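See below for the structure under consideration.
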Amino acid sequence: MKTVFNESLIKKYDRPGPRYTSYPPATEFNEEVREEDYKRMLLQSNFSKRPLSLYFHIPFCESACWFCGCNVIISHRKDVTKRYLDYVYREMEMLKGYLDTSRPVVQLHWGGGTPNFLSNEEIREFFGKIREVFNISPDAEISVEIDPRYLSKGQLETLREVGFNRVSMGLQDLDPEVQRAINRIQPYELMRKVMKDLRSLGFKSINIDLIYGLPYQTPEKFRKTLLQTIELDPDRTAVFNFAYVPWLKPLQRKIDPSTLPPPEDKLTILEMTIDLFQKAGYVFIGMDHFAKPEDELAQAQRDGTLWRNFQGYTTKKGVDLIGIGATSIGMLHEGYFQNYKTIREYYLALDSGKLPTMRGYILTEEDFIRREVIMELMCNFRCDFEKIDRSFGIRFEEHFSSELEELMDMERDGLLKIEDRSIKVLPEGRLLIRNIAMVFDQYIKTKKEQRFSRTI
């Protein structure tokens, strides 16, 4: 189904809102949820025998990208990694006391920061330690984020050798003026070479990230970036809206706000992005993601089994996500748990013999119901009332009577259709799926909206 761009509706509904990589969103996490809660839920999770998904955070980067909103540490010293990895190994060993690590790992991801900050020897050692502790399935999705600018000799070969089969990398924009303004010089020829190397090494899936709304961007310039990205032929692409929040991310103060494109140019860029990717044969997965029709994300969406977690869209619903490393977030069936954000606090917790859990959230029964509805809408663009009724023993129309009434305005605007005991998101509503999901969010009305990025 083709996505329809309706500028007047986008302007009407565009406002801050969660991205729903979890429900409730991370803004609901609190520091009353600590290590003892995490231990208890890890032990409980063992009875479920659910498969595991592992996320490892490697926070180091060689240079600062001024648009960045991630938790990173800028360093030119390569020796900073040894101590950090030693603590990550300690966290893994501590987890063995509470988590049944014989459960199959069906998904594994190294994020950051820049995981290829590590040397080839550290990559081998790190992955070897993971294999010692965890039971990685032969067909597991094993992915890594890389920075193409800092690939050292043989690094892609080493990543493939130890078991990685998927790669994600940021491109952002290929225009030289834009790249200078965000402090990220990354020529097209470099990207072509890296893509060629990845294909020759047999990586199963390659994702490229772009950002619109950066300084000095224009529709004409970004069109060239889009066409060159399509020529690179990634399996998946994410095109994110730049959130300029210098009061939260000090690095962004280096960006002159007068150089940012006006809202009308951003809308033009967004419409062009959707049009060009769909004409190139990509499927619009949701919000800002595109995938080839044969990609597993597109297949899962067609099957109605797509899901979201803190890494974005995933085909692995029904797994327990274990976050390891500073700032990592885990997602168990009944709760979310985040590690300390600073390395200092992360080290101190492990030095005191504790798991480094800083905060989290324990789901209520109502959260479970609303999470399922929101994820069905976000991932599959529909929600069947009967399915929710069976899963939670409710009558959808009674439980969500006020929400269904609120949706009537969206139905009149042609964003969705409520019929046959279901909500079906129409082509005009796909870009506004966050707004539709927000109707079922019982926390959003009590929160300051500026804590979230804008929905478009």
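Every read-out reported here was derived from the displayed coordinates using simple, explicitly stated rules and does not represent laboratory data. All figures in this text were calculated on a predicted structure; none of them were measured in a lab. Positions of Cβ are backbone-derived with ideal geometry, glycine not excepted, and every protein chain shown enters the neighbour counts.
Just a few scattered comments:
- Dipole axis of the chain (+1 Lys, Arg; -1 Asp, Glu on Cβ), positive-most option in Ser119, Pro51, Leu355: Ser119
- Note on the chain: antiparallel DSSP beta bridges, both residues inside, total approximately 45 percent of the bridges counted.
- Mean Cβ count within 10 Å, highest first, over the residues of peptides 304-315, 405-416: 304-315, 405-416
- Pairwise label distance in nanometres, Glu32 with Ser75, each label 7 Å out on the Cα-Cβ vector: 3.7
- Selected from Val373, Thr342, Gly154, residue furthest toward positive end of dipole (the chain; charges at beta carbon): Gly154
- Dipole magnitude of region 26-321 about its Cα centre (Cβ charges: Lys, Arg +1; Asp, Glu -1), debye to nearest 20: 400
- Coil-residue trypsin sites (Lys or Arg not before Pro) of region 93-189, DSSP, other Cβ within 10 Å capped at 10: Lys153
- Loop-located GluC sites (Glu not before Pro) across region 1-64 with a Cβ neighbour count of 11 or fewer within 10 Å are Glu31, Glu32, with loop assigned by DSSP.
- Region 323-443, dipole about Cα centre (Lys/Arg Cβ +1, Asp/Glu Cβ -1), debye to the nearest 20: 700
- Against the set [x] 32, 30, 21; [y] 47, 25, 21; [z] 35, 28, 21, the structure's computed semi-axes √(5λ) of the Cα gyration tensor in Å falls on [x].
- The lysines whose alpha-carbon is closer than 27 Å to the alpha-carbon of Lys11, local same-chain residues fewer than 8 away aside, are Lys2, Lys221, Lys224, Lys249, Lys266, Lys279, Lys417, Lys424, Lys445, Lys447, Lys448.
- Loop-located trypsin sites (Lys or Arg not before Pro) in region 37-86 (DSSP state other than H, G, I, E, B) with a sparse environment of at most 15 neighbouring Cβ atoms within 10 Å: Lys49, Arg77, Lys78.
- Tensor-based shape of region 214-333 (alpha-carbon gyration tensor, a/c under 1.5 rounded, otherwise prolate or oblate): oblate
- Gap separating the Cα centres of region 14-80 and region 302-353, nearest whole Å: 5
- Each part gets one Cα centre, and for region 210-239 versus region 95-142 those centres are 32 Å apart.
- Length gained on full extension, Gln299 to Ile185: 37.5 nm, using 0.36 nm per residue less the C-alpha separation.
- Listed by Cβ neighbour count within 10 Å, with the fewest neighbours leading, Lys196, Lys354 appear as Lys196, Lys354.
- Length gained when the stretch Arg124-Thr446 is fully extended (0.36 nm per residue, less Cα-Cα span): 111.2 nm
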